[in-house]
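**Student:** Okay, handing you the structure first.
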Amino acid sequence: MFEHLVRKVVRDIDPYAWELSSEAVAAKHGLRVREVIRFDLNTSPFPPASWNAAMEAARADGQPNEYFDTSYAELADLFAAYYSVGMDNLIIGAGADEILDITTKTFLDNGDRVIVSTPTYSMYPIVSEQMGATVQRVPLQADFAPDIDGILAAAQGAKIIWHCNPNSPTGNATDPAAMERLIADAPCIVVVDEAYAEYVGWSAVPLIARYPHLIVVRTMSKAFGMAGMRLACGIATPDVIGMMNRVRPPNSVSRVTARVGAAALRDIPAMRANVAAVIAQREPFADALWEIGAHVYPSVTNFLLTRWENPAIAQSVYEFLEARGMVVRNFSSHPLLPGHLRITVRTADENARLLAALKEWREQRER
Ligand SMILES: Cc1ncc(COP(=O)(O)O)c(C=O)c1O
């Protein structure tokens, strides 16, 4: 058929794996789609406070038949103020994944090598391999801290170090001094993916002024509650941004998304209040999960990595929750994280629903 026409690197890629969609879970278990709660994607339970007004403004704008301003000038202005950088330090795209993709198109040739810590966000290998690059994995240390010396040694002759901070799925942050050492001593581009930065409260963005090989990726998908709208940006020196803009798809951010994003960026206190509400849930939720029998790792994010007695038990927890419309991230048979499940911290009510189901699961097991 057509398979021989597909690039070999694409045929060889291990694609990104999602849990079932809410529609599929609802159909499988006879639920309504809106009853399904996503504990698997580290999204926020709160849409932006400005959501309704912004959608109304987008409707009043009209013009779905016309392209939007490809410079996204209004958004760039607001992002620049939020991150305290210049507008020429920014590239805007449809989610962090697009910024990662643009980064590989800018820097990677066939045969180049990139470095990832492992386990980490699984898109870094995919976007790198699609360009024909090879991926060298450096295991995290026992406490999930990155092995900075190991990364730096591996990075000799490499093109990109991908670094997720705080890291997913482990939920810990890199020590700031270790982060600066990693960036200062790296012989190549360092991409720091800060998808969860708002939860930890510090960022590598100020380091861009000193390190021209640093690219920081930020997204509106997590703390800002906009995953379904697709909006993110990359932050780097104007020279790096200029190169990345050469391969940026010019219209990937829709005018509706731009409207909603601009309104959300004008209301930073509302975002911070939502972040605080989730963080307030984190420790009680973790304590209750311990109580049920999970090992819960420390987290500075909006999600908790949990370890269960063995992979079969983790799988049974996963299935029990899924049947009740609660989807967690299943690492039960992951080679590096056997018996692990990652659980997003959501509202008090939603977390309580998950805990009630887990208590039911435990009672059934003890019977
Ligand atoms: C570490 C990390 N980076 C990037 C992304 C993708 O974010 P976006 O929705 O902005 O594409 C995710 C989403 O889960 C993530 O966890």
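The values are calculated or read from the model by the stated rules, or taken from the named source; none is laboratory data. These figures come from a predicted structure and were not determined experimentally. We place every Cβ from the backbone using ideal geometry, glycine too, and count neighbours over all the protein chains shown.
**Student:** If A53 meets every condition in (1) within 16 Å of the ligand (Cβ to nearest atom); (2) in contact with a helix residue (DSSP H, G or I) (Cβ under 8 Å, 6 or more places away or on another chain) apart from one, which number is that one?
**Tutor:** Against the list (1) within 16 Å of the ligand (Cβ to nearest atom); (2) in contact with a helix residue (DSSP H, G or I) (Cβ under 8 Å, 6 or more places away or on another chain), A53 comes up short only on (1).
**Student:** Quick one: which of A81, A96 is at pLDDT 95 or above, within 16 Å of the chain's Cα centre (by Cα) and not assigned by TED's automatic domain parsing to the domain that holds R346?
**Tutor:** One residue alone meets the criteria, A96.
**Student:** Here is a further query. Among the residues of the range 262-311, what is the count of those that are in contact (Cβ under 8 Å) with a residue 12 or more places away in the chain, of a type in the set (A, V, I, L, M, F, W, C) and within 30 Å of R365 (Cβ to Cβ)?
**Tutor:** Residues that pass the stated criteria total 11.
**Student:** Do you know which of the residues in the range 103-120 that are buried (at least 19 other Cβ atoms within 10 Å of the Cβ) and not β-branched (V, I, T) is nearest to E180 (Cα to Cα)?
**Tutor:** Ranking the qualifying residues of the range 103-120, first place goes to S117.
**Student:** Could I ask something else about it? Only one residue in G234, G225 is surrounded by 17 or more Cβ atoms within 10 Å (Cβ to Cβ), in contact (Cβ under 8 Å) with a residue 40 or more places away in the chain and in a loop (DSSP other than H, G, I, E, B). Which one?
**Tutor:** G225
**Student:** Take residues that are closer than 26 Å to N302 by Cβ and tell me which of the helices (runs of 4 or more DSSP H) falling wholly in the range 1-76 contain 2 or more.
**Tutor:** Fully inside the range 1-76 and qualifying: 22-29, 51-61.
**Student:** For the list (1) within 23 Å of D77 (Cβ to Cβ); (2) over 16 Å from the mean Cα position of the chain (by Cα); (3) among the β-branched types (V, I, T), I need the number of the one condition that V217 fails.
**Tutor:** Only one criterion is unmet by V217, namely (2).
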